Structure formats: structure tokens, C-alpha cells
1. Report yes if B:Gln249 is in contact with a helix residue (DSSP H, G or I) (Cβ under 9 Å, 6 or more places away or on another chain), more than 30 Å from B:Ser163 (Cα to Cα), touching a residue at least 12 places away in the same chain (Cβ under 8 Å) and not hydrophobic (A, V, I, L, M, F, W, C), otherwise no.
2. Return the total of residues in region B:180-204 being within 15 Å of the chain's Cα centre (by Cα) and either outside any helix (DSSP H, G or I) or among the small types (Gly, Ala, Ser) (or both).
3. What's the number of the condition A:Leu40 fails, among (1) more than 24 Å from A:Val170 (Cβ to Cβ); (2) in contact with a strand residue (DSSP E or B) (Cβ under 9 Å, 6 or more places away or on another chain); (3) buried (at least 24 other Cβ atoms within 10 Å of the Cβ)?
4. Taking the criterion of being within 30 Å of A:Thr179 (Cβ to Cβ), crowded, with 20+ Cβ neighbours inside 10 Å and modelled with pLDDT under 85, would at least one residue in region A:231-239 satisfy it?
5. Check region B:52-63 and report whether any residue there is assigned to a helix (DSSP H, G or I), modelled with pLDDT under 90 and under 14 Å from the mean Cα position of the chain (by Cα).
6. Among A:Gln224, A:Gln137, which is surrounded by 19 or more Cβ atoms within 10 Å (Cβ to Cβ), within 30 Å of B:Val311 (Cα to Cα) and either in contact with a Pro (Cβ under 9 Å, 6 or more places away or on another chain) or in contact (Cβ under 8 Å) with a residue 24 or more places away in the chain (or both)?
7. Restricting region B:136-164 to residues that are in contact (Cβ under 8 Å) with a residue 60 or more places away in the chain, at the interface with chain A (Cβ under 9 Å from one of its Cβ atoms) and crowded, with 24+ Cβ neighbours inside 10 Å, which is farthest from the chain's Cα centre (by Cα)?
8. Please enumerate the residues belonging to region B:265-286 that are more than 11 Å from the chain's Cα centre (by Cα) and part of a helix (DSSP H, G or I).
Amino acid sequence: MRFLALISQHRVAIILGLTLIISSLVVPGYLATSTLSLGLDRAATIGLIAIGLTVLLIAGQIDLSGGAVFALAGIVSVILQREIDVLPAAIVGILVGTLAGAINGLLVAGLKVNSLVLTLATMLIFRSLAHWITNSQPVTGTDIMLSLAFAQVFLEIFTVRSALFIVLIVLLHFWLTRTVPGRNVFAVGSNPVAAKDSGIASDRILFLGFVFAGTLAGLAGVLQSLVTNTGSPVFGSELTVAVIAAVVVGGTRLEGGKGSALGTLGGVLTIGSLTIAMEFQSIPAYVQQVVSGLILILLVVLDRAVTTKGRAPGTRPALVRDNPITQGGNV
Amino acid sequence: MTDTAMEISGVTRNDRFTRGSKLADMLSKAGLGFAILAVVLYGSFVSPAFFTAGNLLNVLTSMSIVGIVVVGMTFVLVAGGLADLSVPATIACGAILSLGLQPMIGPVPAFVLAVGLAGLIGLLNGVLVGYIGINPIIATLGVGTISLGIVQAAVGGVIVYGSNPASAEFAKGRLFGIPVVVLIFLAIALVGHFLLSRSFWGRWTLATGGNYSAAEASAVPVKAVKAGAFVITALASGISGGLLGLTLQSARPLIGAGYEFSAITAVVVGGVSIIGGFGSVPRAIAGLIFVQLLTNVMVLNGVRTPIQGFVLGALIVGAVGVDAALRKRGGA
């Protein structure tokens with residue numbers, strides 16, 4: 001167990017190192033602090049959503065609605081600026097994310113339906129809401145100067161967003177590794193039936209996992225809207241693949257029960273530095289998509305190849321399997 | 001051999017209807033019929049334009065394009081493959097290539113090549129899901145992103161226009177007063193229905209989705225069956241995309257966006273189990289008819305597009321919830 005974890009941590013470091021070395025060889029001035037700071041700031045958006053997804057994936061669930069919640073929360077926080085102050089508006093925006101996560105969690109834990117399909121449906125619903133509220137037009141906030149405050153770089157490299165991301169992911173690391181609730185998440189993810197028999201309230205952990213993921217997607221969306229002073233119903237639609245890729249690069253398994261916060265940090269930094277490198281080389285968006293898709297597929301296949309031992313090949317994915325109703329006792 | 005597989009899976013899996021008598025089966029089939037009838041009645045009352053030949057023909061035509069995808073998606077769900085999210089990419093592949101290659105190799109070879117390449121995307125999905133055992137949603141999401149990017153790169157990320165009026169005439173034309181697109185859809189639906197309900201492949205598909213290990217133990221080529229479902233969906237989406245491109249005479253990279261949800265909604269609303277092992281093509285098409293008529297009524301009543309998406313999402317949640325509830329009652 002510790003050995004495997006060690007390998008996966010090294011894997012992240014190797015991939016991140018290679019990305020940085022190749023990027024710095026290809027892109028002139030890549031390793032300047034200003035470039036890295038920009039990359040970190042961009043990665044923070046993916047990173048905040050990835051924090052929530054890490055917890056959910058470890059618990060054996062997934063949330064595909066993150067991108068839509070991201071857009072919705074941002075829109076709400078920007079629209080409310082006309083009525084109330086910026087800070088309360090931002091808080092309401094984040095709470096919208098919490099509420100969206102609670103809806104996901106209630107449906108998954110309550111109805112016992114597959115989280116992939118359910119969050120696919122709620123993604124459609126949240127995205128529609130975003131279009132509905134805004135009439136499919138981008139909305140702008142009231143205070144333009146706020147963007148500048150958020151773009152301020154301190155300690156040479158951090159912005160508000162990236163600092164927040166780093167702090168949160170370190171907190172997540174300690175929560176997952178050092179606390180009982182954190183360990184329980186792993187238990188639920190690796191064997192929900194055994195976890196339940198050991199007295200762990202699986203359903204409550206799943207519910208709270210979704211609430212957590214929704215809140216963080218909301219936080220990311222609100223920050224994005226404050227930084228750009230805009231809320232748009234199409235924000236975040238390309239984030240899903242990037243976020244899942246980041247978490248998977250970090251060694252978190254899609255089958256649940258395995259993963260780490262520091263791994264996700266590495267994965268997010270990898271995706272972030274790759275994005276920045278490609279943008280600096282003016283590579284078209286669709287080629288960037290090909291790259292992030294390729295990374296995702298290659299790493300998932302690699303995961304599969306390395307760790308099929310102990311699991312019969314072709315067994316149903318955990319997202320189906322660990323649903324007590326669908327499982328029917330044949331694991 | 002396959003009979004044994006069916007029997008084993010019939011006992012082990014929590015089939016919704018083996019425990020729940022013929023009555024439950026009847027009710028579940030009739031329920032959708034009543035729902036369709038209710039929408040038709042409501043539509044005719046609310047909007048005078050609804051129950052006219054012109055409008056219904058429009059619904060039928062737009063339904064056919066999605067319907068071709070629905071036939072394929074039914075196989076994916078029944079085989080226990082959850083869903084194919086690469087449909088927008090395969091539709092775009094079909095549409096962009098069947099138009100873009102026209103000047104070089106002529107309309108018919110262009111169409112065939114486009115569908116073939118879409119099938120290749122499906123094969124990639126199938127290998128990843130069936131043989132390597134990757135989560136279908138993740139695999140198809142990734143493969144879809146990659147293929148859409150490649151198709152866009154191939155044409156430089158621009159809109160492609162048709163250059164062969166004759167092929168456009170054919171796709172928009174009618175045979176015996178019925179639009180060609182509708183006829184093609186009906187043909188594909190018939191083939192799909194017989195493949196799923198009458199052929200050994202269909203029995204294998206049901207067995208694989210119903211109980212993977214039991215099917216495997218009964219010498220059903222489960223991996224090939226699962227992979228095949230994705231190939232079938234990709235071929236269907238390729239054809240659908242090609243027809244869409246020929247009808248519109250233009251194809252943008254995002255031409256297929258949203259079709260995956262429409263198809264999944266139709267299949268799930270039709271009562272095909274999201275977990276696999278249960279479902280048929282006519283059921284899925286009944287779900288499609290219901291969803292399409294509902295959408296049509298909403299459009300005629302001036303309901304805005306976002307709300308339609310909202311209703312679609314709610315329908316999926318509802319249908320999946322009902323599926324889960326029925327399973328629970330069937331005895332978990």
C-alpha cells in the first residue's frame with residue numbers, strides 16, 4: 001500500500017518534471033516567475049474543482065456537473081452585485097454551489113442511482129439554469145477595479161486564487177491522511193459494504209462529499225467571475241475533461257479507494273503548466289483539447305495496466321459496482 | 001449455450017420484471033403509451049399548429065436524425081456500457097467529412113469513408129471499455145475530445161460547406177411521400193430491433209449487461225459484445241451526422257453537441273435500464289417519440305430553449321430514479 005502510494009507520487013513528480021523541462025526548452029522565458037505565476041493562477045481554477053473531485057473519486061463517486069456549477073455560481077455572484085455588496089454576493093454564489101452539490105448528493109445517496117448518469121443529468125439542468133437566468137448572454141459586474149486586486153501578485157508568485165488553492169489542498173492533505181473522517185472516505189470508496197458494516201455512515205459521507213465538491217466548484221466559479229468581472233453561461237464547459245485529467249494524473253483511481261491530495265496538486269500543476277506552454281506557442285484550442293484528452297486516456301490505461309492485479313479484468317467499474325442496489329451481492 | 005446464460009443471469013440479476021409478473025411489464029409498456037397519448041392530446045388542445053401533417057412530419061424528420069443515434073445507444077446501455085459521450089464527435093466526424101471530402105472523392109465514397117472513420121472512433125471506445133476495462137464515461141469523454149479535436153484540426157477549425165447539390169437533393173427528398181431520412185431511420189431501427197431481440201448477438205448483449213460474470217462463464221464473448229455496442233453506436237452516429245450534414249449542406253465542429261443527451265434521455269425515458277441487461281429498440285424509440293413530441297409542444301408554446309434543457313435533465317433524473325425504485329421493489 002505505502003509502496004504503491006510512493007510509486008504514484010513519484011509518477012506525478014516525473015510527469016510534472018518532464019513537462020516543465022520540455023516546456024522550458026521549447027518556450028523561451030518559460031521559467032520566469034511571471035510566467036509561472038500566471039500558470040499557477042490559471043491552474044488554480046482547475047485545481048479548486050479538482051480538490052472536490054479528488055474527495056469524490058476516492059469515495060468511489062464522480063461529479064460531472066462541476067463545470068455547470070462553476071458557471072452558475074459565477075453568474076449568481078455577478079448578477080447579485082447590482083443588489084447587494086460584492087462580498088455577500090460572492091458568498092451567495094458559493095452557497096449556490098453548495099446547494100447544487102447537496103442536490104447531487106441527495107439524489108445519489110437517496111435514490112441510489114449511478115452518480116455518473118445522475119450528475120450528467122444535473123449538469124444539463126444547472127447549465128440550462130445558467131442560460132435561463134442570463135438569457136444566454138454574458139453578464140458583467142459593477143466593480144471593474146476588483147479584477148485588478150485579484151490579479152495582484154504577492155510573494156513574487158502567488159495571486160489570491162492560487163494561494164487559496166495551495167492552502168486548501170494542503171488542508172485537504174492533512175484531512176485525508178490524519179483525521180478519522182478523512183480515512184473513512186477511503187473506506188467507503190474501496191468497499192462500501194464493508195465500510196457500512198464497520199459502522200461508517202456511507203450515505204452521509206457520500207452526501208457530504210457531493211456538497212464539498214459543489215461548494216468548491218462554486219468557489220472556483222465565483223473567483224473566476226470576480227477576476228474577469230463577467231459571468232457567462234458557457235463558462236467551464238471545457239473544464240470537465242481537464243479537471244478529471246488533472247486528478248487522474250495525480251494518481252487518484254477512478255475505481256475509488258485510492259488517491260491523494262498532493263497527487264492532485266501535482267496533476268493540477270502539470271495540466272496548468274502544459275496549458276500555459278501551449279498557449280504561449282499559440283497552439284489552437286482544439287489541439288490543446290486533443291492533448292488533454294490524450295493525457296487522460298493514456299494515464300487511465302496505464303493505471304489499468306499497472307493495477308489490474310487483484311481485480312478480475314473486465315469487472316464492472318466501481319461506480320456501478322459499489323451501488324448496493326445494482327450490485328446484487330456478486331462482487 | 002446462450003440459453004443457459006440467460007437463465008443464470010435471470011436468476012442472479014435483479015431483473016425488474018422477472019419478479020414483478022407480466023402485469024408490471026404491461027403497465028410499464030402502457031405507461032409510456034399513455035404518456036405519448038397525453039402529450040398528443042395536450043398538444044392538440046393547446047396549439048392549433050400541433051396536430052397538422054406539416055408539423056408532425058417536421059417532428060418525424062428531426063426525430064429520425066436523433067433516432068438513428070438512439071438505436072445505437074440502446075445497445076450501449078443494454079450491454080452495460082452506461083453511455084457513449086463521444087456521440088457529438090462521431091456526428092461531427094460524419095458530417096464534416098462527408099461534406100469536406102465531396103470535392104475530392106465524390107459524395108458516396110465521402111459518406112462511406114466518413115461513417116467508416118466514425119466507426120473507427122467507436123472501435124477505439126470499444127477497445128478501451130470492453131478489453132481494457134476503463135470506465136465508459138471517462139473513455140468516451142476522452143476519446144470524444146480527442147477525435148473532435150482531430151476532425152477540427154483536419155479542416156482547420158472552420159465550417160465546411162457542401163458542394164454536391166445532387167446529394168443534398170437526395171437527403172432532403174422524399175420517397176412515396178415520406179422523407180428519405182425517415183425511411184433510413186426506420187430501416188436502421190428495424191435492423192437494430194432484430195439484431196437485439198432475435199439474433200444471437202442481441203442475446204449476448206442482454207446477457208453481458210445482465211450479469212457480466214455469468215455471461216463470461218457461459219462462453220459469451222463479453223469483451224467483444226461490449227466493444228461491439230460502441231462500434232454500433234459510432235456507426236449509427238456517423239450515418240446520422242452524414243445525413244445531418246447533407247441536409248444542412250454545412251457542418252460546424254459543434255454540429256453534434258447535445259445529441260448525446262437527447263439520445264440518452266430517449267433511451268432512459270423509454271425504460272431501458274441504465275445498469276444494463278434490460279431494454280429493447282422499440283422501447284427506446286417510444287421514449288424518443290415522447291421526448292420529441294414534448295419538446296415540440298414546448299417549442300410551439302414558445303417555451304424557451306434553456307427550459308427545454310431543464311426538462312430533459314429532469315426527465316433523465318426521473319427515469320433513472322424510477323428505474324432504481326423498480327429494481328428495489330424487484331427484491332435487492
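1. No; evaluated as a whole, the condition is false for this residue.
2. 3
3. The failed condition is (1).
4. Within region A:231-239, one or more residues are within 30 Å of A:Thr179 (Cβ to Cβ), crowded, with 20+ Cβ neighbours inside 10 Å and modelled with pLDDT under 85.
5. Scanning region B:52-63, I find at least one residue that is assigned to a helix (DSSP H, G or I), modelled with pLDDT under 90 and under 14 Å from the mean Cα position of the chain (by Cα), so the answer is yes.
6. A:Gln224
7. Looking at the filtered set, the residue picked out is B:Val151.
8. B:Val269, B:Pro282, B:Arg283, B:Ala286
The values are calculated or read from the model by the stated rules, or taken from the named source; none is laboratory data. Just so it is clear, the structure is predicted and the values come from calculations on it, not from any experiment. Positions of Cβ are backbone-derived with ideal geometry, glycine not excepted, and every protein chain shown enters the neighbour counts.
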